[in-house]
1. Before we move on, is residue 252 assigned by TED's automatic domain parsing to the domain that holds residue 296 and in contact with a Lys or Arg (Cβ under 8 Å, 6 or more places away or on another chain)?
2. Please work out which residue is nearest to residue 177 (Cα to Cα), limiting yourself to the range 78-126 and to residues that are outside any helix (DSSP H, G or I) and not aliphatic (A, V, I, L, M).
3. Does residue 299 satisfy the condition of being touching a Leu at 6+ places or on another chain (Cβ under 8 Å) and surrounded by fewer than 17 Cβ atoms within 10 Å (Cβ to Cβ)?
4. Need pairs with beta-carbon distance below 8 Å; first residue of a type in the set (S, T, N, Q) and within the range 275-287, second buried (at least 18 other Cβ atoms within 10 Å of the Cβ); sequence gap 6+ or separate chains.
5. Between a residue in the range 214-228 that is in the same structural domain as residue 195 (by TED's automatic domain parsing) and surrounded by fewer than 20 Cβ atoms within 10 Å (Cβ to Cβ) and any residue that is not charged (D, E, K, R) and not in a helix (DSSP H, G or I), which pairs come within a Cβ distance under 8 Å, given they are 6 or more apart or on different chains?
6. Do we have residue 109 as in the same structural domain as residue 172 (by TED's automatic domain parsing), in contact with an Asp or Glu (Cβ under 8 Å, 6 or more places away or on another chain), at pLDDT below 90 and within 26 Å of residue 172 (Cα to Cα) here?
7. Quick check on residue 13: is it within 30 Å of residue 240 (Cα to Cα) and either of a type outside the set (Lys, Arg) or assigned to a loop (DSSP other than H, G, I, E, B) (or both)?
8. Which of (1) under 28 Å from residue 275 (Cα atoms); (2) of a type outside the set (Lys, Arg); (3) part of a helix (DSSP H, G or I) is the odd one out, the single condition residue 53 does not satisfy?
Amino acid sequence: MTALLVAGFVGLFSETALNIALGNLSQLFNVNATTVQWLATGYFLTLGILVPVTGVLMQKFTTRQMFMTSIFLSLIGTVVAAVAPVFSVLLLGRIIQAAGLAINLPLTQNVIFTIYPPNKRGGAMGVMGLVMLAGPALGPTLAGLILDTLSWQWIFWVTIPFLLFSLIFGVIYLPNVNEIRKVSIDKLSVILSTIGFGGIVYGVSSAGSAGWASPIVIGTIIIGFIALAIFAIRQTKMENPMLNLKAFNYPLFVLGVIMSFITFFNMLSMLVILPLYMQMALLIAAFTTGLVLLPGSLLNCILAPMIGRLFDKYGPKAVITPGTILVAISYFIYAQFGVDTALWMIVLNHVVMMLGVGAVLASVQTNTLNSLPKQYYPDGIALTQTIQQVAGAIGIAVMVSLLAARQNSYLATVANEPAQAAAMGSSLVFQIGLGLAVVNVVLSLFMKKPNLNE
């Protein structure tokens, strides 16, 4: 487990760490803001395309084979990105990195749900939740420190020792735990899945630069949904589908998927919007912004395993509902922020937010997959991981475009005050986040412990 978790942390750290350097990279490689944004968009796009395929690969190859492939892809991608002489090579490195993470995340969850009984999974998923939150949350902070003292290449070089440790530890200790089946990979299903998830992620990610009314944006999103519809129909008619959609026959699984979508939509967009608010409305430096967000991230890391044990002891509702309430309260307070908000208020509120997210994130995932029979674990994991990545990509694209639209409207119709305009745009986004958080509070009331006894 240690090898998988360390590799997962590196992958999720890499997912957000480079965001803080996009401005510098745009100038260094002489590309515009839209082009350089593909270093982030390409990462999400690769995850959205490859994670669904991992579900069937986990049934075809051993745990160790999947792990080794994941680590080698991560190492190759990291080195390629670190030595990149031109932008296209850097983008290629990012895509290879993401391919490694696309294997790691579903594989880690599958190992947890295979080796731990239902009454112990909360604690194990709590540790995984620590990794899932710590990686993207600490990425900007540590990357800011690296940029202040070294060069952007060290954002990649610094992860190499951790990947090598993961490789060595995994070779020595990681067992084969998954059940190998004679499954064939349906090429048409792979193509439809790629077009479907890839089209949706590409469309919403392009909306920030091209606009939501752009024919390319509308066209790719529509094509994506059509491809997914055909993909779903094909899976239901196949004897051995690439993804077994019978998981959606379980109400608690569907409930958990909806809550996970909202949680990732809000969480990943908040990790982008909150730094933008601090830098544009409060005029705080990037590294200081990272330090402001650090206490909440560290507290979440400390408490994540304990939250998992509470889930095992008291059940899902006792952990998830209070967590959703904390998230809703935090969004309400965020929505009141302006150009004069004190930093200590942001620190305190972010601590509350991350505590709530930590209580919801891993607990919802654990209960969602606990609701499935064991034979559906690979499919359920692939489905939930894919939906989470798509939710994050959509959340970032939608919230950033809404912030920009409100900001531009204020500048054009009210006053030429960029800081106030940024605060108004951020407030709108936080209000929308509050609405979604309240929906999660209501949904959490229907959460209960599954009756399955594997």
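The values are calculated or read from the model by the stated rules, or taken from the named source; none is laboratory data. No experiment lies behind these values; they were computed from the predicted model shown. We place every Cβ from the backbone using ideal geometry, glycine too, and count neighbours over all the protein chains shown.
1. Yes.
2. 116
3. Yes: the conditions hold for residue 299.
4. Close Cβ pairs (under 8 Å, with a partner that is buried (at least 18 other Cβ atoms within 10 Å of the Cβ)) amount to 279/286; 279/289.
5. 218/212
6. No; evaluated as a whole, the condition is false for this residue.
7. Answer is no for this residue.
8. (1)
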